[in-house]
């Protein structure tokens, strides 16, 4: 309860500060909006359904892209963890490619898929796939050998070991990877939508700039932050709590 | 070679054990107990030999590429229903021998047999209880015990029932829902024991299972293990560096030499059961074994210092 009160107080103070800075008129109102202007923009945006549509379009792309990258990333991570040869060749390549900002893939995506949904989903997938794969590989490689021996000793086959020992044992790593993958996917999506006009929240940001409407720009930014925080709170926190409960606090970061 | 603190402690314990043995050495002559014939339990079975280890050697290549001979020319039969203890200084290959019987390692030379079948991999007839336990932190105590049963395709109700039975056997029934990090060292040890027993193996291989425990917990677990062994009639091969523990538990004690590990002595312990680790007769026989092992322990300790 105390924590909620503290957090609530913090945000009230922050908005208060914002209001005061806006009232000082250091910057012109069309460059620095008041909190109320932004609330007004949010209301208007939801009232004429542009925000709802934008959110729906973005979330749909996000879900498709993220799920694809999770499945492919987990498979790729498992494959990479199977042999030293693959880790030294393909694994190194994956790590190098990951340093490429995902928006760099957009030109390729547009040339391959045209200005379609496929192109934007491709960018989302490529943005998070490698992070998930690397986390899965690291997790699998760091499973203590004793779990492997205990599993074999109790009669586990290779498939049993993967499903019942390696994957659960690397769950803390896997979760960290999925969480990072989500963040990367979300960023890739918004960036992609800003560059390549196609509804979605990213495009609403660009429209706001084109119309010189700072209120809409800030309102959409708040929406993007809110969705990110909500996903983190609902999806990942709950799983992390389960892991903490089972493994104990001390080993969660191990 | 990197030595862990645990291994260093082991050396320290050895030296301490040795000095007490010297102080208490009896002035009068000590007569070694006469070897006894095989236990009745082994006579019951058709062939008394459960495990046959035939001229087995095992070498490892260590970090700098040189070859280390862990075990050399081990020949050993374990009788059905026998409680066999293997003692020796650290680095004598005791654990290697257990891993060979478990099928987690293969020998460099020689053969191992269980029930006339050559050992070529892990099997549910031989379950090893690791020193590090290897309990799964993502499962609770009962699910850990169920693990081996699930792999065997047992249905959920049957699995749970059997897991509960074995948790009861080790007095942990009320902790079945606890996760591993919530349990004390002795409780973890018992969960691991229950997990091994639940598979109902013919052979239980125990690798220094009670080393990390305090004396009271260890004594308690000795009693429980002896009780369970008497009830199930399993064959147990128990590895330890604690000679008293070996004499307290074993029908027979085998001493291994240090690097390469060779069998230097086999001693039948015909003391009546139940025994206690503080029994004077246990202490007497343990002292005898320690005196015999002394040279090997010295070698082990000197090697440890050389590596530091």
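General remarks:
- Helix-derived mean residue ellipticity, 222 nm - over chain A, DSSP H n ≥ 4, -39500 (n - 2.57), to 500: -24500 deg cm²/dmol
- The calculated FRET efficiency for residue A:159 paired with residue B:174, based on their beta-carbon distance and R0 = 35 Å, is about 0.50.
- Taking the C-alpha atoms only, the angle from helix A:35-47 to the longest principal axis of chain A is near 70 degrees.
- Residues A:145, B:79, sorted so that the one with the fewest Cβ neighbours within 10 Å comes first: A:145, B:79
- DSSP beta bridges fully contained in the protein assembly as shown are about 55 percent antiparallel.
- The stretch A:6-81, Rg to Rh (Cα coordinates; Rh as Kirkwood inverse mean 1/r): 1.26
- Placing pseudo-labels 7 Å out from each Cα toward the beta carbon at residue A:99 and residue A:79 gives an inter-label distance of 2.4 nm.
- Per-residue mean of foreign Cβ neighbours for B:201-214 is 0 (Cβ atoms of other chains, 10 Å radius).
- Percent of alpha-carbon pairs separated by more than 40 Å within the protein assembly as shown: 44
- Residue B:108 paired with residue A:111, simple spin-label distance in nm, labels 7 Å along Cα-to-beta-carbon: 5.8
- Relative to the dominant Cα principal axis of chain A, helix A:2-24 is inclined by about 40°.
- A full extension of the chain between residue A:195 and residue A:60 corresponds to an added length of 46.8 nm, given 0.36 nm per residue minus the alpha carbon distance.
- Across all Cα pairs in the stretch A:33-252, the calculated P(r) in 5 Å bins from zero up to the longest distance comes to 1, 7, 12, 15, 15, 14, 11, 9, 6, 4, 3, 1, 1, 0 percent per bin.
- Pairwise centroid distance, computed over Cα atoms, of the stretch A:127-173 with the stretch A:204-252, Å: 29
- The stretch A:175-195 versus the stretch B:276-308: alpha-carbon centroid distance in Å: 62
- Residue-span extension gain [residue A:145 to residue A:86] - 0.36 nm each, minus C-alpha spacing: 19.2 nm
- Rough spin-label spacing in nm, given labels placed 7 Å along Cα→Cβ, for residue A:226 and residue A:26: 2.7
- Taking the longest Cα principal axis of chain A as reference, the axis of helix A:117-141 is set at about 40 degrees.
Taken together, the values in this text are just the output of simple stated rules run on the coordinates, not laboratory data. None of these values were measured; they are calculated from a predicted model. All Cβ positions, even for glycine, are placed from backbone atoms using ideal geometry, and neighbour counts span all protein chains on display.
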